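Okay, so here's the structure we're looking at.
The values are calculated or read from the model by the stated rules, or taken from the named source; none is laboratory data. What you are looking at is a predicted structure, and each value in this text was computed from that prediction instead of being measured. Glycine gets a Cβ as well: all are built from the backbone with ideal geometry, and neighbour counts include every protein chain shown. Areas reflect the complete protein model, heavy atoms only, side chains present, ligands, DNA and RNA absent. Shrake-Rupley method; radii C 1.70, N 1.55, O 1.52, S 1.80 Å.
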There are 2 protein chains.
Amino acid sequence: MVNYPNGQKKPDSVKKQVKAKNLSAANRGMGLEKFINDANLYYSENNIAVITKRPTPINVVKINYARGAQITNAYFEKQSTTDYNGIYLSKYLDFEAKSTKLKTSFPLSNIYPHQIEHLKKVLSHGGIAFFIVEFISLNEYILMAAKDVIAFYEEGLRKSIPYAYFKEKGKAISLTFNPILNYLPYVKEMFNL
Amino acid sequence: MVNYPNGQKKPDSVKKQVKAKNLSAANRGMGLEKFINDANLYYSENNIAVITKRPTPINVVKINYARGAQITNAYFEKQSTTDYNGIYLSKYLDFEAKSTKLKTSFPLSNIYPHQIEHLKKVLSHGGIAFFIVEFISLNEYILMAAKDVIAFYEEGLRKSIPYAYFKEKGKAISLTFNPILNYLPYVKEMFNL
């Protein structure tokens, strides 16, 4: 251990490292969305696919036109469909990304009934529908076909999907360098595209 | 003409009628969006297609959490892609809806360069891409393949697309009862789906 003659306990660089580590833990919930957005940007720039995030809908109550159409009163609304859709290998793709801090299961309360209805309709029209679920504590990202999640959801027997069901039906996505969450090759394999 | 003995010039009901008429003229720009949203709802409910509007992205600057996550400062952002996408007959659809008050042409300044880039990418992946253009003064709604708009845009010779070009390349959509703007049969015919 190095001694600091001036009585300083830790140099700034060490403090910064500690801070950055805490920040990364705190921001983990944002990680999945950022990973997917980064991957989508990579897919777009490399002409692999066009997949976009639907903006969170906002109910605008009041606009101040005197200040350049500044919105001064508004509320977030629930997404009525899913977060992402687009085109890949001529196929329509539609999916939802969800994170859980639990280690052994994924609570079904994270999925809204209208999202299930939306994905069922997408499937009925021949689209590719899936979930990407992040198990934050396990640092795992699992691709699940929407049909398997819907089957569990409609069975109505349990309030959460066991982690074991994800391991049985889904595909764990290995993190890579660029993009970090390169999920499309797994989609291609799962759906035989 | 009826006389009002108390000196009142117009009864309230007449005033209201005049006001409502002006409002309807002022709101004409909203007509196309409402027609398309209504058609999309009809398509969803009748299991014909799943087509959704991307919410207008909003840049949220300030949130008051003490008042139930009220947004107190935010601004509208430009849509970075197009307004609508979805799935129809197993095909990925992507389109933009635009209105103009002009009678003889459609100004290209209504279309943003990133929308053209987005539609080109969609086409390169095998998607169906188009515009629905409303000529407000003519009460006409014209379906145009994105490739024809892109060709004109990239030629770079004129600042607006002549109405005659729309009549030559596009398909005029006849308004019906329910949905009013039943555009999908025209899409089916134009793209041989």
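Of the residues B:H114, B:H125, the one with the largest accessible area comes first in the ranking B:H114, B:H125, computed with a 1.4 Å probe on protein heavy atoms. Listed values for segment B:80-85 are Karplus-derived 3J(HN,Hα) couplings in whole Hz (6.51 cos²θ - 1.76 cosθ + 1.60, θ = phi - 60°), namely 7, 10, 10, 7, 10, 8, and x replaces Gly and Pro.
Each of B:N178, B:Y84, B:P57 was placed along the dipole of segment B:40-193 (beta-carbon charges, centred on the mean Cα), and the one lying farthest toward the positive end is B:P57.
Label-point distances for B:N46 to the equivalent site in the other copies, using a point 7 angstrom along Cα→C-beta, read 4.3 nm when ranked shortest first.
Taking amide H as placed 1.01 Å from N in the peptide plane, B:T81 has no amide H partner under 5 Å among residues 5 or more places away or on another chain. In terms of its alpha-carbon gyration tensor, segment A:40-89 comes out oblate; a/c meets the 1.5 threshold, while b/c is at least as large as a/b. The average projected area of segment B:28-136, computed from the convex hull of its Cα atoms over all directions, is 9.3 nm².
Shape class of segment B:66-130 from the alpha-carbon gyration tensor: oblate, with a/c at 1.5 or above and b/c at least as large as a/b.
Ranking B:D83, B:D38, B:D94 by solvent-accessible area of protein heavy atoms (1.4 Å probe, all protein chains present), from largest to smallest, gives B:D38, B:D83, B:D94. The alpha carbons of segment A:106-172 occupy a box of 35, 24, 18 Å along the principal axes, longest dimension given first. Whole-Hz Karplus values for segment A:132-137 come out as 10, 10, 9, 9, 4, 5 Hz, taken residue by residue from phi with 6.51 cos²θ - 1.76 cosθ + 1.60 and θ = phi - 60°; glycine and proline positions read x. Starting from the Kirkwood radius over alpha-carbon pairs of segment B:80-193, derive D by Stokes-Einstein at 20 °C in a medium of 1.002 mPa s and give it in µm² s⁻¹. Estimated via Stokes-Einstein, D reaches 149 µm²/s.
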